Amino acid sequence: MTRDLSRPRRFLAISSLLVILCTVVLSGCNRPEARPRQPIAFSHTIHAGQYKMNCQYCHGGVRRSTAAGIPSVRLCMGCHQLVAANKPEVARIREAFEKQQPIRWMRINVLPDFVYFNHYPHVAKGITCQKCHGEVQTMSEIWPVVRLDDMAYCVGCHRENNASVDCYTCHR
C-alpha cells in the first residue's frame, strides 16, 4: 500500500505560510514607522518628563483658541540659544530660526472636518492633557492614544463629567 505524502505536505506548507503571513501582518500593525515622522527629533520625555515643562508653555493655544498649536521656532530658540545649543537637532532648529523658516511639524491628532473641538473648556475644567494625549512625559516620540475616529471615548468622558452630550456640542 503506497501512501500519498504530497497532500499532508501541501497542507503543512499552506498552514505554515498562513501562520507566517498572519505574523507579518499583525506585527506590522503597531510599527513605530507607521506614525508620522517629525522633521526634527523632539523628545517629550526630556522636555515634559525630565524638565517637567508644563504642556501649556509650548502649546499656549489651549488657553485662547480651538487648537493647542505648535510652538514657533522663536519659542524653541528662547531656551535653545543656550540650552543644548551644540546638539544636532538643536542646530537644525537654529538653522530654521536664522533662515526665518517654520518647522513643518506633522500633526499627530487629526480630527475629521465635521468635528468641532475646543481645548479651552477642557483646560478650564482642569482636565489634564494626559487624559486624552496619554503620558506624553514618557514618550520620546508622540503617538495618538485616543481613537479620534470613534466618538465613544469623548461621549463617555462627557457623561462621566456631566458635560453636554448634545450632538451640536461637537458637530457644528
- So which chymotrypsin sites (Phe, Trp or Tyr not before Pro) in segment 30-115 end up in coil per DSSP with only 12 or fewer other C-beta atoms within 10 Å? 51, 114
- Query: On full extension of the chain, what length is gained from residue 155 through residue 67, given 0.36 nm per residue of separation minus the C-alpha to C-alpha distance?
  - Reply: 29.7 nm
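At 0.36 nm per residue, and after removing the present C-alpha to C-alpha distance, how many nm does the segment from residue 108 to residue 6 gain when stretched out fully? Don't jump to the answer; show the numbers that get you there.
Values: separation 102, 0.36 × 102 = 36.72 nm, distance 5.13 nm.
My answer for the length gained is 31.6 nm.
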- Virtual spin-label span in nm between residue 74 and residue 87, 7 Å along Cα→Cβ: 2.3
- Message: Charges on Cβ only, +1 for Lys and Arg, -1 for Asp and Glu, centred on the Cα centroid of segment 54-172; of 83, 165, 143, which one is farthest towards the dipole's positive end?
- Response: 83
- Note on the structure: With DSSP loop assignment and no more than 16 other C-beta atoms within 10 Å, the trypsin sites (Lys or Arg not before Pro) in segment 38-136 are 52, 64, 99, 104, 107, 125
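No lab work stands behind these numbers, since they all come straight from the coordinates. This one's a predicted model, so the numbers in the text were calculated from it and none came from an experiment. All Cβ positions, even for glycine, are placed from backbone atoms using ideal geometry, and neighbour counts span all protein chains on display.
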